[in-house]
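Everything on this sheet refers to the single structure shown next.
Nothing in this text is a laboratory measurement; each read-out follows from the coordinates by a stated rule. Note that the structure is a prediction, hence the values are computed from the model and not measured. Note that each Cβ is placed from the backbone with ideal geometry, even for glycine, and that neighbours are counted across all protein chains shown.
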Amino acid sequence: MSGARAASTSPRALRNGDVGLVILVCVCVAVFVPLFNLIPDEKSTIHVPDFLVALVGKLTCYAMVAVAMDFVWGYAGILSLCHGLFFALGGYAMGMYLMRCIGTQGMYRNNLPDFMVFLDWKELPWYWRGFDHFSFALAMALFVPGFVAFAFGYFAFRSRINGVYFSIVTQAVLFAAMLLFFRNATGFGGNNGLTDFKTIVGYALREPSTRATLCGLSGVALAATYAICRAIISSRAGRVLTAMRDAQAKVRFSGYNVTSYQLFAWTLSAVLCGMAGALYVPQVGIINPSEMQPSNSVEMAIWVAVGGRGTLAGAILGAFLVNGAKSWLTVAFPTAWLYVLGALFVVVTLLLPGGILRVFAGLGEARRLAIGASEARRSDSSRVSSSRPPPPVLVRKEREP
Amino acid sequence: MTGSRSQVASSGRLACLAAALLLVLPSLAHAATGPFELALSGLSEPSPEAVTRAAEVIAKTEDARALGLLEALLDGDVVASEAGRVYLRDKAGALHDAATGAPSGGEACHEPPVDNGVRRVLGALIVQLQLRDPDSRVRLAAVESLAKTGNADDASALRAAATRERDHSVQRAITVALAELDLASDDPGRRIVAINAIEAAGSTSLRSKLQAMVSQSDDGSHAEADPGVRAAAERALRTLDRKQFLIDRAADILYGLSTGSILLLTALGLAITFGQMGVINMAHGEMLMLGAYATYVTQLFFRAHASQHTSLYIFVAIPVALLTTMAVGAILERTVIRFLYGRPLETLLATWGLSLLLIQTVRSIFGAQNVAVENPSWLSGGTELFEGVVLPYNRIAVVGFTVIVVSFVAYVLRGTSLGLQARAVMQNRPMAACMGIPTSRIDTWTFALGSGVGGLGGVALSQLGNVGPELGQSYIVDSFLVVVFGGVGKLVGTVFAAFSLGIMNKLLEPIAGAVLGKIVVLLTVVLVIQKRPQGLFASRVRGMEAG
């Protein structure tokens, strides 16, 4: 696919100061949180408590989803309302592996997962085969969401379903999938889903070290997700995507195959989402069809919108902020959370269409421009500008959405 | 039990005559004497045998009051005085003379001794009386209960009833009941005749009996020994199955119409806000919810202030729901939605946020639990269309209500100046503005109208199921699909889409199960939209990016 051609990070990618923020977040999640959880004594003030490790790991997975979502919405202009499905599919693939890891340790001391024994099934359904192997499950966690996205996207984009229609249709697909997974006969544990996991590749999931490792891996995965999306966006393909978002017909008339660009961005986003789901499930310990509720997928869009559509760092920021607030408010003020969330949707779309990051960036940009202008008058030795090539005339036109 | 009944009756008549003679003096004092009045006093006898005899005589009189009296006797609601007067106890516990209906004078009374033997006789007498009842529904019930007990004496009673029966449905029930009794007959010829009668009457309720006749046990022996009877039974089974299949499909289509009308009601408001105005109104489901809660509040108000007219609350609830949701819609349009015109994805998110706010507000006011909205008394119950196909009245009412609401919307859009201006604004806003149409006010009104129609849908939903804060959420996906499937901006398309999806859903349900059926419907719609992105009834729009 043409988008993957220019995978090297171009200088322009580093131009937006947000890379530093992302690196900071990733290093924190991947290195500091696990280390400060494992090494210091529990009573020490710098010890990171276990619950915080679990929370950070969870939020990091959400941040990956937000990056994937922003990639396809903020840059390619496709608002998906079914990223929860891809997330859950990745999660289910990992959950199936974890179920197989339980072996005969389950309640019924049977080699089959408990819910199958309960349903009086005698052998594994064919689609559960192979999930005893970690690598296979991992591959499936990426492949299945990708395949579903590709198959659906192929037909949708070919029929030139765009904009809101696409969103509504994705929501219908998500809803159908949720109904399917709620059925006991589908073979994924019905509405209880998959849970009671014991080990992952031989390590007990209860152990703090396993949890810290998973959290660290999430940080690494987030960095990888960010790097991939960043690389594509800064490539020529990324510019086509952006152009497509702003004026699809013009791009099409210029001879670009819009459908395959859309399909590529869409499928990649789904695969990244699946990866997030696969990391999410061992940390949370359960996957069930409620992950596919339409509201969850719409919430994913608000993470991106809060942080700043069209800025990957903003998506990460938004995911951490919104979900952090959710974790705190649902405990501290249970009734207030929906008000806050509802108000967030309204306020952000009405008053902050660029998201939080743009507000800060706007302030920073104004300051930098002022400094840059005054420095340029004095000399040309500004460290910041000398390390960069001359800025392009217009990287991304700030479109009034 | 009834084998001895004729003897009991004949001897009972004598005994009763004697009893009547004995008691003739006090009886004369208070009533005109017919056979019914004469027989009544037998109930005051202290022995169960005498009561039995009296009851049989009373039944023989075929008096119009006899059935009620015997039923009351069976229920223990009859008392008799020493003087031979018999009183019926009504629901409030007051006593009335069984013959004249006059209130009791307050003398000492005892309950007639009714033991199991008496009850058995009473049951049989009541059924016999019911077979002569002027009300055909009572006769029908009597035939059915006779068919269940199934013995030879009942058969003769049924045959007697068949000769004087005029009502078609009771006649048919008697035929079927007789055939059912004959199925157990020792004579193969009678069994075949019975099977043919069942086949001709198309009584699917006897299917299992026929099935049992043709079944083969493990050792290869047939439950029905006679091969001719078996062949007849198999043929009858095929006929019945064919008939059952047709009935089932017809029922599916009827239920589908009902489901479709619900879909239509929930989607109709959206067809205005989304279809006409292009607002991706994710808060539409909450308009349904608000409409349902408006109905609930109206009901509460009626209970508190006008409890004698509670069954009429629904007629007040309809305008209340309409106005409430119209007001909410207008407020939302003025404060939020108007700033988002032309930004569909942002509208989607903002209206989603609005829906969360509305849900949480309602939850804070009314609590998270479902509230009970009761059907008005005239909407509960149902009517049986075919054997086993019952259409509840509330479903029928919803279909009728849908017709009214659709006509109302069509009238507003086609026949009023508001509709004309709304359509003009949606088609070409700058031109409409140039012609002097106040476009922004029309936007508010149109959005309010769409919301109000959603509120009307909520009134209907409140009559069908639970009313809770999340009521709307479950309808939002379906509603959008209906509008997109039918073709955005086309009211006819919405109507067509709703009914076709409803019927398709119900036809698929018996084949694939409820959940899979729903999934198949959803995926079909998604596929159809892939093929025809502009929906089934596309509006012709010039330009490359329609919508």
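Below is a table of values for the structure above.
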read-out: Those lysines that a straight Cα-Cα span of less than 20 Å connects to A:LYS58, excepting residues fewer than 8 apart in one chain; value: A:LYS198, A:LYS326
read-out: Cα-projected label distance for B:ALA410 with A:LEU205, points at 7 Å along beta-carbon direction, nm; value: 5.7
read-out: 10 Å-binned pair-distance histogram of the protein assembly as shown (Cα, whole percent); value: 2, 9, 15, 16, 15, 13, 10, 8, 6, 3, 2, 1, 0, 0
read-out: Charge dipole (chain A, unit charges on Cβ, about Cα centre) - positive-most of A:GLN262, A:GLY308, A:LEU55; value: A:GLN262
read-out: Helix axis angle, A:163-182 relative to chain A longest principal axis, alpha carbon, degrees; value: 20
read-out: D_trans [Stokes-Einstein, Kirkwood Rh over alpha-carbon pairs] for segment A:14-293, 37 °C, 0.692 mPa s, µm² s⁻¹; value: 165
read-out: Rounded to whole Å, sorted largest first: equivalent-ellipsoid semi-axes of chain B, Cα gyration tensor; value: 64, 34, 17
read-out: Principal axis box of segment B:131-225, alpha-carbon based, largest edge first, Å; value: 51, 24, 20
read-out: Backbone N under 17 Å from the B:LYS91 label point (7 Å along Cα→Cβ), restricted to segment B:304-344; value: B:308-311
read-out: Lys, Arg +1 and Asp, Glu -1 on Cβ, resulting dipole of segment B:247-531 about Cα centre, debye, nearest 20; value: 760
read-out: Residue-count net charge about B:PRO188 - beta-carbon cut-off 13 Å; Lys, Arg +1, Asp, Glu -1; value: -2
read-out: Hydrodynamic radius of segment B:276-376 per Kirkwood, over alpha carbon pairs, in Å; value: 14.8
read-out: log10 of Debye I(q)/I(0), alpha-carbon scatterers only, for segment B:247-531 at 0.12, 0.13 Å⁻¹; value: -0.76, -0.89
read-out: Helix axis angle, A:336-351 relative to chain A longest principal axis, alpha carbon, degrees; value: 30
read-out: In segment B:316-424, the GluC sites (Glu not before Pro) that fall in loop regions by DSSP, at most 16 other Cβ within 10 Å; value: B:GLU374, B:GLU387
read-out: Per-residue Cβ neighbour rank within 10 angstrom, fewest leading, B:THR446, B:THR347, B:THR175; value: B:THR175, B:THR347, B:THR446
read-out: HN-Hα J in Hz across segment A:79-85 - Karplus 6.51, -1.76, 1.60, θ = phi - 60°, x for Gly and Pro; value: 8, 8, 10, 10, 5, x, 5
read-out: Pairwise label distance in nanometres, B:ARG363 with B:ILE511, each label 7 Å out on the Cα-Cβ vector; value: 4.0
read-out: Selection from A:TYR280, A:TYR165, A:ILE39, by position along the positive dipole direction of chain A (Cβ); value: A:TYR165
read-out: Extreme residue, positive dipole direction of the protein assembly as shown, given options A:GLN293, B:MET277, B:ALA498 (C-beta unit charges); value: B:MET277
read-out: Net charge dipole size for segment B:131-225 [Lys, Arg +1 and Asp, Glu -1 on Cβ; Debye, nearest 20]; value: 440
read-out: Residues A:CYS273, B:CYS109, A:CYS61, sorted so that the one with the fewest Cβ neighbours within 10 Å comes first; value: B:CYS109, A:CYS61, A:CYS273
read-out: Separation in nanometres of the label points that stand 7 Å from Cα toward Cβ, at B:ARG235 and A:THR259; value: 6.0
read-out: Size of charge dipole - segment A:14-293 - debye, nearest 20, with Cβ of Lys, Arg +1 and Asp, Glu -1, no other charges; value: 880
read-out: Karplus (6.51, -1.76, 1.60) ³J(HN,Hα), θ = phi - 60°, over segment A:237-249, in Hz, Gly and Pro reported as x; value: 4, x, 5, 5, 4, 5, 4, 4, 4, 7, 8, 4, 4
read-out: Segment B:VAL492-B:THR383, extension gain: residue separation times 0.36 nm, minus the distance between their alpha carbons; value: 36.2 nm
read-out: P(r) histogram, all alpha-carbon pairs of segment B:439-523 included - 10 Å bins from 0, percent; value: 15, 37, 36, 9, 2, 0
read-out: Lysines with Cα under 21 Å of B:LYS506, excluding same-chain neighbours fewer than 8 positions away; value: B:LYS243, B:LYS518
read-out: Likely footprinting exposure, B:TYR393, B:TYR255, A:TYR280, A:TYR92, fewest C-beta neighbours within 10 Å first; value: B:TYR393, B:TYR255, A:TYR280, A:TYR92
read-out: Förster radius 45 Å - calculated FRET efficiency between B:LYS531 and B:LEU323, Cβ distance, rounded to 0.05; value: 0.65
read-out: Value of [θ]222 nm, deg cm²/dmol, for the protein assembly as shown, DSSP H segments ≥ 4, -39500 (n - 2.57) each, nearest 500; value: -22000 deg cm²/dmol
